[in-house]
Amino acid sequence: MPTIIDGKKTSAEIKEEIKARVLEIKAEGGKTPHLAAILVGNDGASQTYVGAKVKACEYVGFESTLVRLEETISEEELLKTVEEINENPDIDGLIVQLPLPKHISVEKVTNKIKPEKDVDGFTPSNVGRMALNWPAYVAATPYGIVELLKRYEIETSGKHCVVIGRSHIVGSPMSILMARNGYPGNATVTLTHSRTQNLPEIARSADILIVALGKAEFVTADMVKPGAVVIDVGIHRVPDSSKKSGFKLLGDVKFDEVEPIASAITPVPGGVGPMTIASLLYNTLLSAEKKVYG
Ligand code: GUN
């Protein structure tokens, strides 16, 4: 039977660790970590995500500030809001929830966030620092995967790691993290994408397969080497009349088929997903304790 890599349990453990550290900081008379989130517009999924982030802050004892802005806000006004938070010494971390309305440049807004407060790890400064193996805020999803590999003591050195998907948020940073000198890391990495030829064959040669391309049940059993470690980043809502909610959640991996041949696998839901908020809280704690930029 493969190891089921339990992200729900692991993220709960990390939250308890952070909560305990916050109590220590407060007892020492230190500053309470404070996360600010900017949410533009009324996108349902974004509201849910930001709501969960604020709730998680409360749970671990952080302060949080949610700034809600109209869908029609100008780019200039949003940049001004970012700047105000940048300059507010009480706020340790700032995230701008994506996606943003089409008339606003994500690049401009991201680049306006002070790297020292960029707990999403999206700014060029933090992506560069991560690639150089310097102290950095690593984006929530890749950082969550790194933490799962560590806590489940998955051997990565000298292994062939195949990453499917080259997004800026997951695939690309994941490939860098797995190749860098350290643990987890020291893997031989192949980054595959929509133009890759012989993808099933390459996937089948992976000791560690990280799947983040955003297609429901894309990876089937014939694409997985027996004994591989499989990390599934996908999450898709599909209608299911047998469920009370009316839908079920699927990953990028056909779980029922792949699970019996893997040595370890993340489920969906309850795998990588729950780790992302834990990573964001962890980065905010690092910022409050000045552990990344000093
Ligand atoms: N939208 C989807 N995922 C994320 C994330 O990790 N951070 C932000 N800011 N927006 C997102």
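Just so you know, all these numbers are worked out from the coordinates, no wet-lab data involved. These numbers were taken from a predicted model, which means no experiment stands behind them. For neighbour counting, all protein chains shown are included, and Cβ atoms are generated from backbone atoms with ideal geometry for every residue, glycine included.
Roughly how big is region 177-294's charge dipole about its Cα centre, with Cβ charges of +1 (Lys, Arg) and -1 (Asp, Glu), in debye to the nearest 20? Could the numbers behind the result be given before it?
On the way: 12 positive and 11 negative charges, 83 e Å.
It comes to approximately 400 debye.
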Only four residue types carry charge here, +1 at the Cβ of Lys and Arg and -1 at the Cβ of Asp and Glu. Report the dipole size of the chain about the Cα centre in Debye, rounded to the nearest 20.
340
Restricting to the chain, compute how many DSSP beta bridges are antiparallel as a %, nearest 5.
10
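Once you order the gyration tensor axes a ≥ b ≥ c over the Cα atoms, which shape class does region 95-162 get: rounded for a/c under 1.5, otherwise prolate or oblate by comparing a/b with b/c?
prolate
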Which one of Phe255, Ser205, Leu23 is farthest out on the positive end of the charge dipole of the chain, using unit charges on Cβ (Lys, Arg +1; Asp, Glu -1) and the Cα centre as origin?
Ser205
Give the peptides 206-218, 88-100 in descending order of average Cβ contacts within 10 Å, highest first.
206-218, 88-100
If one computes the Cα centroid of region 41-64 and of region 127-151, what distance in Å separates the two points?
22
Report the one residue of Ser64, Tyr137, Ile85 whose Cα lies farthest in the direction of the positive end of the charge dipole of region 57-155 (charges on C-beta: Lys and Arg +1, Asp and Glu -1; origin at the Cα centre).
Tyr137
Helical contribution to [θ] at 222 nm, DSSP H n ≥ 4, -39,500 (n - 2.57), averaged over the chain, rounded to 500:
-11500 deg cm²/dmol
Most exposed first by the Cβ proxy, i.e. fewest other Cβ within 10 Å, how do Leu39, Leu69 rank?
Leu69, Leu39
Identify, among Gly41, Ala179, Leu285, the residue whose Cα sits farthest towards the positive end of the charge dipole of the chain, taking +1 on the Cβ of Lys and Arg and -1 on the Cβ of Asp and Glu, with the dipole about the Cα centre.
Ala179
Residue-by-residue Karplus 3J(HN,Hα) for region 220-225, coefficients 6.51, -1.76, 1.60, Hz, glycine and proline x
10, 4, 5, 9, 10, 6
For a test of the definition: using alpha carbon positions, the gyration tensor, and the 1.5 limit on a/c, classify the chain as rounded, prolate or oblate.
prolate
